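Note sheet for the following structure.
The values are calculated or read from the model by the stated rules, or taken from the named source; none is laboratory data. It should be emphasised that the depicted structure is a prediction, and the values quoted were computed from it without experimental measurement. Note: ideal-geometry Cβ built from the backbone for every residue, glycine included; neighbour counts use all protein chains shown.
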């Protein structure tokens, strides 16, 4: 009873609330890091060093007037932010934050569930989130959002293929689709897949930037061109949902990259006995540190790089990343067969 | 504008999308309105609509005394007010045949070049921001702040300086100011390198700017472009070199020109102009002569009947004033400005044709227009 019902429920509550606060605070982190890059201070007013800023932001957005444009498609307009936010959250169900540990006499795994098609689940659920953006642009019945949603759909289709192909290389290496087994496979082979599959890692990271609509591939919301893009017509909490979904997706990509390429909860060099003192640090801390590293790189890239143009992005996707990903996949298969 | 239907074979009908960019748009740099006709994201044709910032400066000037007009010229190109001041004062001096003391001409040169750097900094920041590189914007504004401080010390204002008078300057430089200017030159040289590090060899920047908005030299001349958009196309026209004013005939500097005439070349030209401006400021500050700062000007300014045209090189291009005096009244009979932004904006329709929406904002930025000057 406890193991089957109570513990999973507690885990869901913990993961959801932790995720939502992490999302809110990653907004603050982004504002702070970009401010430091740009020799500014960032938010400083709400709480010491602005640490209460996300709460103030949320309050402001909740009490704002909720506007639906007269000409908008009302139902789709309402559904789009939900469709964007929910997939970003339910992906966390299969993210392995750590191994199974003993807690109050019960074995507790530090993930909500470990399904045998975990990676497939992530890929498919994450693609649903794209519909949120496409429908938002369509339902607004306004020209700028429409252009943005056209861009978003083209962009996401081209990057999904490359990213999924790199995931197949990882699956070939690990022989399993389960997130936990992939981390375990890295433990037994003694190598993080980032070192075995550097190309796949690179493509996954670039594709991750594009999939989450982040700079330098943020053309769907391109503030300077499309005045906010797909969320131009949104205000208040609905806008906030899009905003939070973006950051939730960034954390998802960071966590997936951590699990697939940086050994998840494993300490650095898991098979080197000399470094076993690093084992004192619990696995979930390693996981969070590594994810945090990705999150930081995402923000860093945004502060540094200009934006690609829509056609250039498509060219990179179809003419560079997809051929490279296919080549990498074929090579992985050949090496795997030869080694067997 | 109505939408028109294009027929692509028998199967599909596609409609052109008419999209209104501005006057409320983050990247039209003020109240510029561009009506775009798009096919997909490609601009088929466009219509540039101006006039949202019209204040009637030219007509107003006909009812102001000659000295009061200096103040109105501040409001033309408000990011380069000192150069507008200089242009107006020199035109009236030419009309009155007033000799400006050498010291005043040197200080005018220093102020003009500081102003050029400030204007180019604003340009590099906003242009980079339009293309998505937001950090450059804050770096550029950080250094622009230093220039504004120098101006504040010199004439008390930070944006609309009213910093020149007919026949010279309202006041001499404050003590120690020249040292601060030289210090600023040292800082600025290093900082321009910093922007270049972020942009000049950045792959994304190159892809976004190379081959975008190409215009040949003869075509640029035909469109009436001037300043960096003209020099980017390889035409070495610079009023400072060709018809020297202030103390430019005594300064050593180069006029950078581009080769391809695209957005990237216009970018390179302006970046090199930053270095050249620093070079001029150094020479002028080190060689500043002693002497009076105002020439022999009557208390009541009343130029003799006649007309004249005089141009200066503003950061945007050739800024000219055409002034007619009837010799009787204390205000001009006709006051006409040839604003570089307005003339350069003529090229926008030609430049954005066939490009994508993302390039439109890059090209508006690349022309570096200030709407205060376009609409007057």
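Being under 15 Å from the mean Cα position of the chain (by Cα) and either modelled with pLDDT of 85 or more or more than 14 Å from chain B (Cβ to nearest Cβ) (or both) is a description that applies to residue A:287. Would you mind stating whether residue A:243 is more than 14 Å from chain B (Cβ to nearest Cβ), farther than 23 Å from residue A:285 by Cα, buried (at least 24 other Cβ atoms within 10 Å of the Cβ) and modelled with pLDDT under 85? Judged against the criteria, residue A:243 is not a match. In this structure, residue A:315 qualifies as within 14 Å of chain B (Cβ to nearest Cβ) and either free of Cβ contacts under 8 Å to residues at least 24 places away in the same chain or touching a strand residue (DSSP E or B) at 6+ places or on another chain (Cβ under 6 Å) (or both). Check segment B:282-298 and report whether any residue there is over 27 Å from residue B:151 (Cβ atoms) and within 21 Å of the chain's Cα centre (by Cα). Looking through segment B:282-298, none of the residues is over 27 Å from residue B:151 (Cβ atoms) and within 21 Å of the chain's Cα centre (by Cα). Residues of segment B:349-366 that are within 11 Å of residue B:212 (Cβ to Cβ), more than 10 Å from chain A (Cβ to nearest Cβ) and over 21 Å from the mean Cα position of the chain (by Cα): B:354 alone. Does segment A:145-152 contain any residue that is away from every other protein chain (no Cβ under 14 Å), surrounded by 20 or more Cβ atoms within 10 Å (Cβ to Cβ) and touching a helix residue (DSSP H, G or I) at 6+ places or on another chain (Cβ under 7 Å)? No, segment A:145-152 contains no residue that is away from every other protein chain (no Cβ under 14 Å), surrounded by 20 or more Cβ atoms within 10 Å (Cβ to Cβ) and touching a helix residue (DSSP H, G or I) at 6+ places or on another chain (Cβ under 7 Å).
In this structure, residue B:289 qualifies as assigned to a loop (DSSP other than H, G, I, E, B) and at pLDDT 85 or above. Residues of segment A:251-262 include none that is part of a helix (DSSP H, G or I), within 14 Å of chain B (Cβ to nearest Cβ), under 17 Å from the mean Cα position of the chain (by Cα) and at pLDDT 85 or above. Taken across segment B:117-139, residues that are buried (at least 21 other Cβ atoms within 10 Å of the Cβ) and in contact with a strand residue (DSSP E or B) (Cβ under 9 Å, 6 or more places away or on another chain) do occur, with at least one present. Can you pull out every residue in segment A:67-88 that is within 23 Å of residue A:117 (Cβ to Cβ) and surrounded by 19 or more Cβ atoms within 10 Å (Cβ to Cβ)? A:83, A:87, A:88 - these are the residues of segment A:67-88 that are within 23 Å of residue A:117 (Cβ to Cβ) and surrounded by 19 or more Cβ atoms within 10 Å (Cβ to Cβ). Report whether or not residue A:182 is away from chain B (no Cβ under 14 Å), over 23 Å from residue A:310 (Cα atoms), under 20 Å from the mean Cα position of the chain (by Cα) and modelled with pLDDT of 80 or more. For residue A:182, the condition - away from chain B (no Cβ under 14 Å), over 23 Å from residue A:310 (Cα atoms), under 20 Å from the mean Cα position of the chain (by Cα) and modelled with pLDDT of 80 or more - is met.
On the basis of being under 21 Å from the mean Cα position of the chain (by Cα) and not in a helix (DSSP H, G or I), does residue B:225 make the cut? So residue B:225 fits the description; yes.
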